[in-house]
Amino acid sequence: MTKDECKQVVLDIIAEIAPDEDLSDVKGEVALREQLDLDSMDFLDIVMELRKQHSIEVPEADYVQLASLDSCAEYLTPKFNALV
Amino acid sequence: MALSRVVITGVGLTSPNGNTLEEFRRSLLKGKGGISRIDMRYMGQVLAGVCDFEATKYQKRKELRVGTRAGSISIYCAREALADAGLAVDQLDSKRTGIYVGTTEHGNVETENEVYNISQFDYDTKFWSHHHNPRTVSNNPAGEVSLNLKVHGPAYTIGAACAAGNLGLIQGMQMLQLGEVDFAIAGGVSESIRSFGIFAGFKSQGALAEHEDPNKASRPFDVDRNGIVVSEGGALYTLERLEDAQARGAKIYGEIVGYKINSDATDYVLPNPERQAECMRGALEKAGIQPSDIHIVSTHATATPLGDIQECEAVREVFANCPDTHINNTKGYIGHAMGAAGSLELAGNLPSFEDGLVHPTINVDNLDPKCDLPGLVINEPKQAKRVDAILNNSFGMLGINSALIIKRFSN
């Protein structure tokens, strides 16, 4: 999985949990919470969907890694590739 | 101490056969039901009353995903009631507005969903949703309204089995009279059709209705009735002290003049006609009126073989020799809306103050002689000589009884 593919996986999850949001121009380097109406429960939803849909575990100490699309890709891509 | 008079100034509702009071009333006068077959987890198809209100009218899709159906029904009804009362949310005194929502139960739906969810993951509880607790706390439906309206007064539910719709209204009235709030949004809601446990419980009890025609299944007072059709729905009202309502020139649907809540203390599920009669008499006493002053008795009868007979016994005793008292029932159209039943059934009768029409109990092909009450209106609407007062019965499991009396408003 490439980092761009990983970003798309995260965007697909956000589309499910925040269906009112326009995700057409989410900037990779900007914190997701600064661009989208997401709260702490939504981030828990992202963690849960990564677990359910992709068997990816994100320990609580690493939640900060999900702050932006870029940091998500940086953190999650190796985890996805380790699954294969 | 003279208590303030409390009046109804707005109605918001969703029922299986209407999403506004006007639409609901039209359906009742036309004999139009709202029962269909739905797929129920583990059970296959069951009969249910399903509402089709536009949930996104007042909620974002994310709020619908995170919240509960009971919350969504409550929000829709609260917003519709406010609009009907001619009030925008920003006109409310936020800290002086109370929200009182009656519920039969809450949390079954959400808990069943989560158990099913983790069953897909070998019952590993790490897949249990973090939304579970805010969804299942008892105050959820009222709390979701406070979040949606951004009001800061008391917002809580009143758990009272299937008497809850009346109890929500009674609570709202009392809080206005105590001066705890200046404006109340009150009534009852139900999301129970999303819980297989509710259906399975009634089925095990031998109290779940079945009929090849869904809209013939709920048939109170008919000799062939065979149980309850479970429904969802809600009816919330805006309540104000009379002086406040008059000061702003509000439309007044009616005045709550009497109520009574009591308990059978005899059985978990079986009703007690003696206590039901006592409850109706208590409401009449509080209202300071006689049985003959009531022109419509809206019965609770759920179409169970024994329950209908027992309520009829109670009504027959209290309303003996009342030739101008009409008796009806609304569950033949919409099934049993559980926590919403009392408030929805009252709403269906409120327009009678204007048009004098009494909507009938439908699906009575063969009236059970034991339910043959004088004044029972069956199958066709009846034009009453006058309708000045309605007594609304609503009873529930564990022997909770409620009776609420609304009078045509008069200075």
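Worth a mention:
- Filter result for the condition that a residue is within 13 Å of chain B (Cβ to nearest Cβ), loosely packed, with under 14 Cβ neighbours inside 10 Å and not in a loop (DSSP other than H, G, I, E, B), over A:A15, A:A82: A:A15
- You will find that of B:V269, B:V297, the residue that is farther than 27 Å from B:D324 by Cα, β-branched (V, I, T) and out of contact with any Gly (no Cβ under 7 Å at 6 or more places or on another chain) is B:V269 and no other.
- Of the helices (runs of 4 or more DSSP H) lying entirely inside segment B:235-352, those carrying at least 2 residues that are modelled with pLDDT of 95 or more, over 24 Å from B:Y100 (Cα atoms) and of a type in the set (K, R) are B:273-287.
- Pair list, Cβ under 8 Å, 6 or more apart: segment B:25-54 residue under 19 Å from B:T14 (Cα atoms) and among the β-branched types (V, I, T), other residue modelled with pLDDT of 95 or more and in a helix (DSSP H, G or I): B:I35/B:P214; B:I35/B:N215; B:I35/B:I334; B:I38/B:I193; B:V50/B:I193
- Residue in segment B:305-323 that is surrounded by the fewest Cβ atoms within 10 Å (Cβ to Cβ), counting only those that are small (G, A, S) and within 13 Å of B:N272 (Cβ to Cβ): B:G307
- None of B:A88, B:A81 is surrounded by 18 or more Cβ atoms within 10 Å (Cβ to Cβ) and either modelled with pLDDT of 95 or more or over 17 Å from B:P141 (Cα atoms) (or both) except B:A81.
- Filtered by the rule that a residue be small (G, A, S) and either touching a residue at least 40 places away in the same chain (Cβ under 8 Å) or not in a loop (DSSP other than H, G, I, E, B) (or both), segment B:353-393 gives B:G375, B:A384, B:A389.
- Residue satisfying all of: in segment A:51-73; within 14 Å of chain B (Cβ to nearest Cβ) and in contact (Cβ under 8 Å) with a residue 40 or more places away in the chain; surrounded by the most Cβ atoms within 10 Å (Cβ to Cβ) among these: A:H54
- Any hit, segment B:147-156, residues being in contact with a helix residue (DSSP H, G or I) (Cβ under 7 Å, 6 or more places away or on another chain) and assigned to a helix (DSSP H, G or I): yes
- Residue count for segment B:124-148 satisfying the condition of being over 23 Å from B:K60 (Cα atoms) and away from chain A (no Cβ under 14 Å): 0.
- Some residue of segment A:23-35 being of a type outside the set (S, T, Y), surrounded by fewer than 13 Cβ atoms within 10 Å (Cβ to Cβ) and within 12 Å of chain B (Cβ to nearest Cβ): no
- Put simply, of B:K331, B:K370 the only residue that is buried (at least 24 other Cβ atoms within 10 Å of the Cβ) and among the basic types (K, R) is B:K331.
- So B:T103, is it more than 14 Å from chain A (Cβ to nearest Cβ) and under 25 Å from B:P154 (Cβ atoms): yes
- When segment B:1-27 is filtered for residues that are modelled with pLDDT under 95 and out of contact with any helix residue (DSSP H, G or I) (no Cβ under 6 Å at 6 or more places or on another chain), the ones remaining, listed by number, are B:M1, B:A2.
- When segment B:237-267 is limited to residues that are among the hydrophobic types (A, V, I, L, M, F, W, C) and touching an Asp or Glu at 6+ places or on another chain (Cβ under 8 Å), the one that is farthest from B:I406 (Cα to Cα) turns out to be B:A250.
- Close pairs from segment B:145-162: first over 17 Å from B:G187 (Cα atoms) and buried (at least 23 other Cβ atoms within 10 Å of the Cβ), partner at pLDDT below 95 and aromatic (F, W, Y), Cβ under 7 Å, at least 6 apart: none
- Boolean, B:S15 is touching a Gly at 6+ places or on another chain (Cβ under 9 Å), away from chain A (no Cβ under 14 Å) and surrounded by fewer than 20 Cβ atoms within 10 Å (Cβ to Cβ): no
The values are calculated or read from the model by the stated rules, or taken from the named source; none is laboratory data. Because the structure is predicted, anything quoted here is derived from the model rather than measured. A quick note on method: Cβ atoms are made from the backbone with ideal geometry, for glycine too, and the neighbour counts reach across all protein chains shown.
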